[in-house]
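Colleague: Sharing a structure, written as structure tokens. Questions coming.
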Amino acid sequence: MLQSRARMIRSMTGYGQGAAEASGIKVTVELRSVNNRFADLKLRLPDALAAFEQDLRRKILATVKRGRIDVELRLERT
């Protein structure tokens, strides 16, 4: 008799937001994700951080293997 094991499916859907402030600058990051068969990343960064886009993209995709991920990073002077 063959037995099959049920696989637990974990949702890729979620939302998170965080903020930090130092030296007169507030950084806010929002993450949204939904299920997707492949990893699809959309990064929105201020112009001042455009030089870091490839490094951020590489680090995020090294961790996330699937799902549509929207990342928005905002800078504000306080």
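The values are calculated or read from the model by the stated rules, or taken from the named source; none is laboratory data. No experiment lies behind these values; they were computed from the predicted model shown. Cβ: placed from backbone, ideal geometry, glycine included. Neighbour counts: every protein chain shown.
Colleague: Taking into account only those residues within the range 33-78 that are under 16 Å from Gly16 (Cα atoms) and among the charged types (D, E, K, R), which is surrounded by the most Cβ atoms within 10 Å (Cβ to Cβ)?
Modeller: Ranking the qualifying residues of the range 33-78, first place goes to Arg68.
Colleague: Go through the range 26-67 and give me each residue that's of a type in the set (D, E, K, R) and either touching a residue at least 12 places away in the same chain (Cβ under 8 Å) or closer than 21 Å to Thr78 by Cα (or both). Before you say what the answer is, go through the steps one by one.
Modeller: In the first step, residues of the range 26-67 are kept if they are of a type in the set (D, E, K, R); the result is 26, 30, 32, 37, 40, 42, 44, 47, 53, 55, 57-59, 65-66.
Scanning the range 26-67 gives Lys26, Glu30, Arg32, Arg37, Asp40, Lys42, Arg44, Asp47, Arg57, Lys65, Arg66.
Colleague: Let me ask something additional. Can you pull out every residue in the range 46-64 that is part of a loop (DSSP other than H, G, I, E, B) and closer than 19 Å to Gly14 by Cβ?
Modeller: Listed by number, the list holds a single entry, Val64.
Colleague: Suppose we keep only residues that are at pLDDT below 95 and of a type in the set (S, T, N, Q) within the range 1-22. Which one would you say is surrounded by the most Cβ atoms within 10 Å (Cβ to Cβ)?
Modeller: The residue in question is Thr13.
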